[in-house]
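The values are calculated or read from the model by the stated rules, or taken from the named source; none is laboratory data. Values in this document were obtained by computation on a predicted structure and should not be read as measured data. Here the Cβ is made from the backbone with ideal geometry for all residues, glycine too, and neighbour counts use every protein chain on show.
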Amino acid sequence: MKTLLLTAFLSRTLLVLKAQNSKKMETNNQDSLAITQVLENYYFKGIYEGDINTLKQIYNPGTLLFGDVKGQPYAKTLDEYLDGVAHRQSPKDSGKPFKGTIISIDVVNSIAVARVHVKMYDFNYDEFLSFHKMDNSWLIVNKMISDVAQ
């Protein structure tokens, strides 16, 4: 009888753990898909078109941007970055190549990191974008970039 009860208990425990893991994987997949949509429909589109209103929708107002461009340190507030986007010729209008590629997305609860590659003008940027889920929306809270050789 003890063996039967122990077997039933262990079986139930394994089923519960499997169900929890399945739900967690489903949530991570949904969150990864949501971040993919943010990147494709707002981030890459906003950069390509030079549309700061599109970009403002996906950035937390306190976002900071760091990295290096052509070996030079790069540090900007979100306002400084958006001002630069607003006052440059957009990749769309320049006729130069533009391509945004998602390399990976890692989600842990309400935080995530996306690694993307952006080919823009004569630059190739590897970027790490930190996201936080706020009010059921994924927002970029930090951007790190490095200009890399092709």
Considering only the stretch 94-124, state which residues are in contact (Cβ under 8 Å) with a residue 40 or more places away in the chain and out of contact with any Lys or Arg (no Cβ under 7 Å at 6 or more places or on another chain). Gly100, Ile102, Ile105, Val107, Ala112, Ala114, Val116, Val118, Met120, Phe123
Out of curiosity, is Asn21 of a type in the set (S, T, N, Q), at pLDDT below 95 and under 18 Å from the mean Cα position of the chain (by Cα)? no
Set Gly62, Gly67: member being surrounded by fewer than 16 Cβ atoms within 10 Å (Cβ to Cβ), out of contact with any helix residue (DSSP H, G or I) (no Cβ under 6 Å at 6 or more places or on another chain) and small (Gly, Ala, Ser): Gly62
Here the residues within the stretch 113-137 that are more than 12 Å from the chain's Cα centre (by Cα) and under 15 Å from Lys99 (Cβ atoms) are Val118, Lys119, Met120, Tyr121, Asp122, Phe123, Asn124, Tyr125, Asp126
Could you count how many residues in the stretch 138-150 are assigned to a strand (DSSP E or B) and over 12 Å from the mean Cα position of the chain (by Cα)? 3
Of all residues in the stretch 105-122 being closer than 15 Å to Phe44 by Cα and not aliphatic (A, V, I, L, M), the one that is surrounded by the fewest Cβ atoms within 10 Å (Cβ to Cβ): Tyr121
Subset of the stretch 86-104, residues surrounded by 13 or more Cβ atoms within 10 Å (Cβ to Cβ) and over 19 Å from the mean Cα position of the chain (by Cα), comes to Ala86, Ser90, Pro91, Lys92, Ser94, Lys96
Single match in Leu55, Leu33 (criterion: more than 15 Å from Met144 (Cα to Cα), surrounded by 16 or more Cβ atoms within 10 Å (Cβ to Cβ) and at pLDDT 95 or above): Leu55
